[in-house]
1. Counting residues that are buried (at least 21 other Cβ atoms within 10 Å of the Cβ) and within 14 Å of chain B (Cβ to nearest Cβ), which helices (runs of 4 or more DSSP H) fully inside the stretch A:194-250 reach at least 3?
2. When the residues of the stretch A:128-152 are narrowed to those that are within 17 Å of the chain's Cα centre (by Cα) and crowded, with 22+ Cβ neighbours inside 10 Å, which ends up nearest to residue A:108 (Cα to Cα)?
3. Conditions: (1) touching an Asp or Glu at 6+ places or on another chain (Cβ under 7 Å); (2) over 25 Å from residue A:329 (Cβ atoms); (3) surrounded by fewer than 22 Cβ atoms within 10 Å (Cβ to Cβ). Residue A:279 meets all but one. Number of the miss?
4. If residue B:112 meets every condition in (1) more than 10 Å from chain A (Cβ to nearest Cβ); (2) not in a loop (DSSP other than H, G, I, E, B) apart from one, which number is that one?
5. Looking at the stretch B:37-90, which of its residues are hydroxyl-bearing (Ser, Thr, Tyr), over 30 Å from residue B:407 (Cβ atoms) and not in a strand (DSSP E or B)?
6. Only one residue in B:415, B:371 is in contact with a Leu (Cβ under 7 Å, 6 or more places away or on another chain) and away from chain A (no Cβ under 14 Å), so which one is that?
7. Against the condition modelled with pLDDT under 95, out of contact with any helix residue (DSSP H, G or I) (no Cβ under 8 Å at 6 or more places or on another chain) and not in a strand (DSSP E or B), how does residue B:392 come out, does it pass?
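The values are calculated or read from the model by the stated rules, or taken from the named source; none is laboratory data. Predicted, not measured: the structure shown is a model, and the values here were computed from it. Cβ placement follows ideal geometry from the backbone for every residue including glycine, while neighbour counts extend to all protein chains displayed.
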Amino acid sequence: MAIRLEPRGEVSQGMIYGSPLVAVAATLVSGLVLFAILGVSPLDALFTFFISPVSSLDGWTELFVKATPLVLIAVGLSFGFQANVWNIGAEGQLTIGALAGGGLALLFFEAESVLLLPAMMIAGILGGMAWAAIPAFLKTKYNTNEILTSLMLVYVGLLVLSWLIHGPWKSPDGMNFPESRLFHDQATLPVFVSETRLHIGWLIALAVVLTSWIVMARHIIGFQVKVIGMAPMAARFAGFNENKVIWIALMISGGLAGFAGMIEVSGPIGKIQPMISPGYGFTAIIVAFLGRLHPVGVLFAGMLMALTYLGGDAAQIELNLPNAVTGVFQGMLLFYLLASDVLVKYQIRLGPSAPIVFKAGPSK
Amino acid sequence: MIEPRLELTGITKQYPGVLANNNVNLKIMPGEIHALLGENGAGKSTLVKFIYGVQKADSGQIRWEGKHQEVSSPNVARKLGIGMVFQHFSLFDAMTVEENISVGIVPELAKGDLANRITEISRQYGLPLDPQRYVHTLSVGERQRIEVVRCLLQSPRLLIMDEPTSVLTPQEVRELFKTLRSLSEEGVSILYISHKLQEIIDLCHNATIMRMGEVVATCKPENETPRSMAEMMMGANLIAPERPDRRMPGPVRLTVNSLSVVSSNQHGVDLKDINFDVHAGEVLGVAGIAGNGQRELMDALSGEVPVDAEECVIIDDHKVGRSGPTDRRNAGMGFVPEERLGHGAVPEMSLWENAFLSGAQSMSLLDKGFIRTRESADYASNIVREFNVKTPGVENAANSLSGGNLQKFIFGREILQGPGVIVVLQPTWGVDAGSAAAIRQALIDLAGTGAAVLVISQDLEELFEVSDRIAVICEGVVSSPRAVSDITVDEIGLLMAGISEPSSSAREATYGH
């Protein structure tokens, strides 16, 4: 007897989009069990985790602040993932983007120009692109695996950050803390809901969602990305240049990750510090899949993931639970999503393994 | 009274959405060679799966030599004495013939002096085979012999052959038939699955004809013609392609000049100094056994693998050897690759998106980088209408179409772009006979409008039907094309087997130059 997976004859379209909901439901149920084991009232805990963070205007604006980098990065990653370009290094591209954008703010520290902020945005995008260009070059030229190269560059990027703020960029009046100076107002993203931290980065993220929706649905670049992902041979048949699409995918995802990094340092953080992102670059991978690689899906998935960050904070403060709860919830969500995706496409059968006509035995 | 070796009664199998077998009856007597005939999707393979124990029927009975029998697995089938030679071989390239045979049979048989028994059987049945040769050094025909010998070692009483001749030269087919006849004389029953009608007439005693999951007729092939059997198989009167009287061909539209390509795939075939012309209004056929460079030739002509020099491929004065598919399309070339799903079309995408896939440039479906969706849908609807593609609408995904309908769609897509040159590989592979006839007619008609048509195919009947001239590709070398009226099947067979042209027919049959 063995457990085996058999492909289902007909895959229901509804279930493909339903599986994220199933995953969320399963995560909630597991959360109940988890909280019970930890000795807190499960319903109270779920309320603290998922409802209380968004029970005020302030809570919603914080949610959008957290969702901004996630959505930006995940929209970019979705491009690549649809073309089978697996950029796992968004965290590194975010870091370099933050350094490029923030570095400009430090370089023109005294400047009083309205051009500084746009220039920082461009620098952030270019920084992320430059970091993503390394895996793109290695993949198109030497066929290296971009999963490995982009991931390894994350750690290089974090070391560059660490070196800069322990050395050249350390604030002169920061009492030797490894931090840069606080950015001036000209280098800080304007807040558009007063009394909150909600900055215009959220509006930009919404615009990016809309634009990439149009590009994916109607533009030749989106079409090429999809064809290369679904049927590489058909892409060759159509005359699409695979290397070009690899470059485009990595430039879009790297650029948006770098942009997200710049937005973080110029928005909520306001300076360059040792930890710019609580793993947005990695969490965005979950966001991309949870959102079915569709920009609008990514928008909602990004908000849900942002909620797990806020919920984790709330659980620490109110329930005295460790911060790891956030990671556990994110992990469970991805696990259940992958599981339900498999079960949408396959069914589990118990019984002898499928008949094999010739059993390959050891040759003598 | 002699009991039938195998008798199936009332076999029924329902798959989701398809009744694959509906109350099928089949009877095979000892020593009988019985043909199972039908188009793709008629239910032949499903039926065979029950006999060989790979799958279970929903209802119905299997009787083996007069006794009711459950065939629950291939092991049971083999113990009963049922052997099967599959269309796709299961052989390990890096092992010898003997090793391959020993892993595929019951351990008791693999013991002892296997090599001698292999030699003995191969001599007895005229299947020359050296047990110590490595499989990767063998031709496809020789590989098939391994599978046959593996079955014969187990002294089968029923041998199932699934489309055995699709990979063989005409000469190899004759050898195989000799073997099958001698087996039949010894009392071995043979179930012969094919859609090649002439072979069935030559070989089989009886035929069961299936259509859409049901047995529609049984007949004695010797009393039938290929045409009458094809009509039973299709359930309609077969229309042979009409071709206009042989015209004087026009100017050269496609030139292939000293084309040599080193294959990038380690199992690929290198192309060696290929030269030919295709004229306006002409269909040139390229025959050959699978795996002799057809794919590589297709890639080099379509531009998916550009070649070293511009002059190697010339389309109407445009030298395009180093250009990719887009430039070649712009020069007026259309092409249809072998694989429908995943190469000629994106399976999960809608028909209109697939129409856009190759028609973007020539049908002006692109506006400043944006897809003109309405025009693309109109274009797709045109294809559906003019090529009689059965589909609920152009929003449907390519993989929802049957093989024949999708192939008609792909041909329609290329032909409606009005190509000056079209190159097609295996145009009717796995396509139902009705669609195949429509596709062949469309190719002949396209040539009639002054296009140059190049058909690369393993199906000789097809090539004789559509071609004006025929060349043969063997191990990456293309023989000089000869007029169809001037070459025989036997000559083509020798060329396919790599035996160089007999001197008596070395003259070139080319038109006008």
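1. A:220-230, A:232-238
2. Applying the filter and picking the extreme gives A:128.
3. Just one mismatch for residue A:279, condition (2).
4. For residue B:112, the exception is condition (2).
5. Filtering the stretch B:37-90 down to residues hydroxyl-bearing (Ser, Thr, Tyr) leaves B:45-46, B:52, B:59, B:72-73, B:90.
Now narrow it down to the ones that are over 30 Å from residue B:407 (Cβ atoms): B:59, B:72-73.
B:72, B:73, listed by residue number.
6. Numbers: B:371 fails: away from chain A (no Cβ under 14 Å).
Checking each option against the conditions leaves just B:415.
7. Details: modelled with pLDDT under 95: yes; out of contact with any helix residue (DSSP H, G or I) (no Cβ under 8 Å at 6 or more places or on another chain): yes; not in a strand (DSSP E or B): yes.
So residue B:392 fits the description; yes.
Conditions (1) in contact with a Gly (Cβ under 9 Å, 6 or more places away or on another chain); (2) within 14 Å of chain A (Cβ to nearest Cβ); (3) not basic (Lys, Arg), marked per residue:
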residue: B:253; (1), (2), (3): yes, no, no
residue: B:259; (1), (2), (3): yes, no, yes
residue: B:272; (1), (2), (3): yes, no, no
residue: B:289; (1), (2), (3): yes, no, yes
residue: B:293; (1), (2), (3): yes, no, yes
residue: B:297; (1), (2), (3): yes, no, yes
residue: B:300; (1), (2), (3): yes, yes, yes
residue: B:329; (1), (2), (3): yes, yes, no
residue: B:332; (1), (2), (3): yes, no, yes
